[in-house]
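What follows is calculated from the coordinates using simple rules that are stated; it is not laboratory data. Being a predicted model, the structure only gives us computed values, none of them experimental. So basically every Cβ, Gly included, is an ideal-geometry build from the backbone, and we count neighbours across all protein chains shown.
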Amino acid sequence: MASRVILKKPLELGKILFRNQSTMSAFEIQHKTPLIKKVAAIPVALYGGRHAVTMLPGGGIGPELMGYVREVFKYAGAPVDFEVVEIGDENTDLEYALTSIKRNGVAIKGNIETKSESASVVSRNVAIRNELDLFVNVLHCKSYPGVPARQKDIDIVIIRQNTEGEYAMLEHESVDGVIESMKVVTTSNSDRVARFAFEYAKKNGRKKVTTIHKANIMKLSDGLFLETSKRIAKDYPEIEHNDMIIDNCCMQLVSKPHQFDVMIMTNLYGSIVSNVVCGLIGGAGLLSGKNYGDHYAIFEPGTRNTGTAIAGKNIANPIAMLSASVAMLKHLGHTQHAELIQRAIEKTICEEKIHTPDLGGTAKSTDVVQRIIDNILQADIRPW
Amino acid sequence: MSLIARNLSKVLVQASGTATLRSLHTTLPTLSETGLSERPDTRIKCTLIPGDGVGPELVYSVQEVFKAAGVPVDFESYFFSEVNPTLSAPLDTVADSIAKNRVCLKGILATPDYSHTGELQTLNMKLRNALDLYANVVHVKSLPGVRRRHEGIDCVIIREQTEGEYSALEHESVKGVVECLKIVTAKKSQRIAKFAFDYATKNSRKKVTAVHKANIMKLGDGLFLRSCEEMAKLYPKIEFERMIVDNCTMQMVSKPQQFDVMVTPNLYGNIVDNLASGLVGGAGVVAGASYSANCVVFEPGARHTYSEAVGKNVANPTAMLLCSSKLLRHVNLPVYGDMIRNAVDQVLKDGKVRTKDIGGQSSTQEFTYAVIHNLKLPRT
């Protein structure tokens, strides 16, 4: 993406291959430093205008939603070939998935369940993000007119540091009964996120960037994050920059959300804030999230819920995953197809108001998808 | 002068091609019933290079089938030829058109042994370099009803076609001593290797065979082989094997069923393409395609112009029709693509209408009409 920190070194291909040999467990991958990883360039998987993309259906409603994505892509003629990688309980699957994403560069993903709460088993979602160094998560929260929601016309971009902070997974019991959990903030990662945010704001014509923090309590760690974003802000005088403490931010979000434009924050705050905003505009089933690193990008539903409870009942909202696929098409440069699907989605849920139960409707998931496909077929353009 | 006269008539034939198509009667229902209704703004543009030799006749056959099937593709036709430089469209025009349309259907260009201008690059090579069409994919598959020595061949030959022996770097350093440079680069070798593995992944193939001659050309082919080996590590689910090109050709003629996907440098690919094509029925029945990152040129797999048959109405249009079927699948019109593919298969299976090269007596036109009669709407 725009804010690339180029640290590419002409490494030999063999070295990174060696690094991912199957001797390494996901746990070890996890505990590698969350600092910038150097990667040798692998040729792009783009052949004759068609992209190869890794698809990780994940658990819960993931597989059914991915089925809808493929169905919609078939009718929209999106020039994307999916390489489906199922991740079971084996860690070898995870390594294969990582290799596949490295080859293809881009992935679309459902949420992968990590059932165990034991300390030796790490969340595989986190493992993927850390191993691929996807340092930033972007969630564009935009209200859909016609969807019942608490607040109208929200348009907020949440940019979240994705690989460190509270998610550094460094916890230990130093003395019996005393557990320390480390929150790691680094200058380099804070710098990358802030730069990404300002570049994003500049490119998308946004006016304001707000840094969310808790530097009044965590003066050093959050202080570093805040200082870094203030420093980067000086490079972008045309964009307004302010900061807000996380607790106040949550209150402001539920009472006066329209004051926010682009928000940057550390990992845990991002998780909280994105769920708050999703709740404001209509729930987990609508928004898509984008994870970017220097080399790879992963697209997924915005709030990371597996939805195991509603799996197989044909009531899951397909919009989030379809929006993620639209974001993916845009990222790959297939803007025509992206717009075609986007417009079909908007027509279906804003004008025709065909909603799944989570939005207060009565339609089945398949009804929504069928309507979207019909809208695609009725469109006047047929890009390929 | 006679050369120009012949070309003129050829161009006229091409121009009149679209006009005569209208006289063709077909009783085929249009595809509007299947939901793929036609609107003028949903048509797809495709560059068309008829090529030399029997190319224009075969392309005409494709156009007739497209017309009969109601395929929503518009052709932008260019006369492009090395043997007739006076009438040929400029390279830039053709390359721009392909880059814009992103798909092209191309006949074979004749490549004379002696260059008119003293340039070492042929027009084909110039076009490939202009568009960076680096990967040539030839899918060699036994056809139904065409009896050959071997049955059940199904292999894909992927050939790097922008470097290697085709770099056009030859010089005479001392009188009587000519040096020809074969260029192998890590970047392009990795790129073609990744292409082959990604192709295998996408089409759920099991094995990739790298064809090389690294025992003799230890550095050049060695680099190619090493790049393939490194790339293979990224694809743990696909078997990788290496084979020396001479052994490969022997295996190909004795046990061709063992091959799945093959990845080769330029010249070996050319040889293996032709060898494998010969096994399943010759240059008239094998389809191929050349890929760059953004566009695809569909052309017959074994490159022969068959110029001795020009105007005799005997050439086999199967390869060109299969190319067009692949093209339609590529541009997201799989219904039409499958329709044409099935019709060709049906005609070959029936075995009543066959061109000379696969042991029949029928003409190109008869074959084309047989295909049109076998066009069936897919069951929906």
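Couple of notes before you dig in:
- Over the stretch B:114-164, all Cα pairs binned in 5 Å intervals from 0 give whole-percent P(r) values of 4, 16, 17, 14, 13, 10, 12, 10, 4, 0, listed from short to long.
- Between B:ALA99 and B:ARG148, the contour length at 0.36 nm per residue exceeds the Cα-Cα span by 13.8 nm.
- Bridges between two residues of the protein assembly as shown, per DSSP, are antiparallel at a rate of about 45%.
- Backbone geometry of the stretch B:106-122 corresponds, through the Karplus equation with coefficients 6.51, -1.76 and 1.60 at θ = phi - 60°, to 3J(HN,Hα) couplings of 9, x, 9, 9, 5, 10, x, 5, 10, 7, 5, 9, x, 6, 8, 7, 7 Hz, x marking Gly and Pro.
- About its Cα centre, the stretch A:94-218 has a charge dipole of approximately 1040 debye under the convention of +1 per Lys or Arg Cβ and -1 per Asp or Glu Cβ, with nothing else charged.
- Inter-part distance, the stretch A:81-110 to the stretch A:147-211, computed on C-alpha centroids, equals 25 Å.
- Arranged from fewest to most other beta-carbon atoms within 10 Å of their beta carbon, B:LYS188, A:LYS207 become A:LYS207, B:LYS188.
- Our coupling estimate for the stretch B:139-151, obtained by passing each phi through the Karplus curve with A = 6.51, B = -1.76, C = 1.60 and θ = phi - 60°, is 9, 9, 9, 4, 9, x, x, 9, 7, 10, 4, 10, 10 Hz, Gly and Pro reported as x.
- Beta bridges per DSSP with both ends in chain A, % antiparallel, nearest 5: 50
- Amide H partners (placed H, <5 Å) of A:ASP261, local residues excluded: A:THR210
- Percent of Cα-Cα distances greater than 41 Å, calculated over chain A: 10
- Charge dipole (chain A, unit charges on Cβ, about Cα centre) - positive-most of A:SER229, A:ASN204, A:LEU94: A:ASN204
- When both the stretch B:217-285 and the stretch A:226-277 are represented by their alpha-carbon centers, they are found 56 Å apart.
- The stretch B:137-152 residues near the modelled B:LYS312 label - backbone nitrogen below 19 Å, point 7 Å along Cα→Cβ: none
- Measuring nothing but alpha carbons in chain B and taking Rh as the Kirkwood radius, the Rg to Rh ratio lands at 0.97.
- DSSP beta bridges in the stretch A:146-274 [antiparallel fraction, %, rounded to 5]: 30
- Taking every full run of DSSP H in chain B, none both stretches at least 30 Å from end to end by Cα along its long axis and averages 1.6 or higher on the Kyte-Doolittle scale.
- Percent of alpha-carbon pairs separated by more than 54 Å within the protein assembly as shown: 18
- The stretch A:123-173: equivalent-ellipsoid semi-axes (sqrt of 5 x gyration tensor eigenvalues, Cα, Å): 32, 12, 10
- Where the Cα pairs of the stretch A:244-384 fall when distances are cut into 5 Å bins, in %: 2, 9, 16, 19, 18, 16, 12, 6, 2, 0
- With θ taken as phi - 60° and the Karplus curve 6.51 cos²θ - 1.76 cosθ + 1.60 applied, the whole-hertz 3J(HN,Hα) list for the stretch A:352-366 is 7, 6, 9, 10, 7, x, 5, 9, x, x, 10, 6, 7, 4, 5 Hz, x standing for glycine and proline.
- Förster radius 45 Å - calculated FRET efficiency between A:ILE179 and B:LEU219, Cβ distance, rounded to 0.05: 0.15
- The mean count of C-beta atoms from other chains within 10 Å of the C-beta of residues in B:232-238, rounded to a whole number, is 5.
- Exposure proxy ranking, count of Cβ atoms within 10 Å, fewest first, for B:GLU241, A:GLU166: B:GLU241, A:GLU166
- FRET E, pair A:SER255, A:SER188, Förster distance 41 Å, beta-carbon r, rounded to 0.05: 0.70
- Global geometry of the stretch A:60-200, whether rounded, prolate or oblate, following the gyration tensor of its Cα atoms and the 1.5 cut on a/c: oblate
- Candidates B:ASN136, B:ILE183, B:LEU279 compared by Cα position along the dipole of the stretch B:130-281: farthest toward the positive end lies B:LEU279, with charges placed on Cβ.
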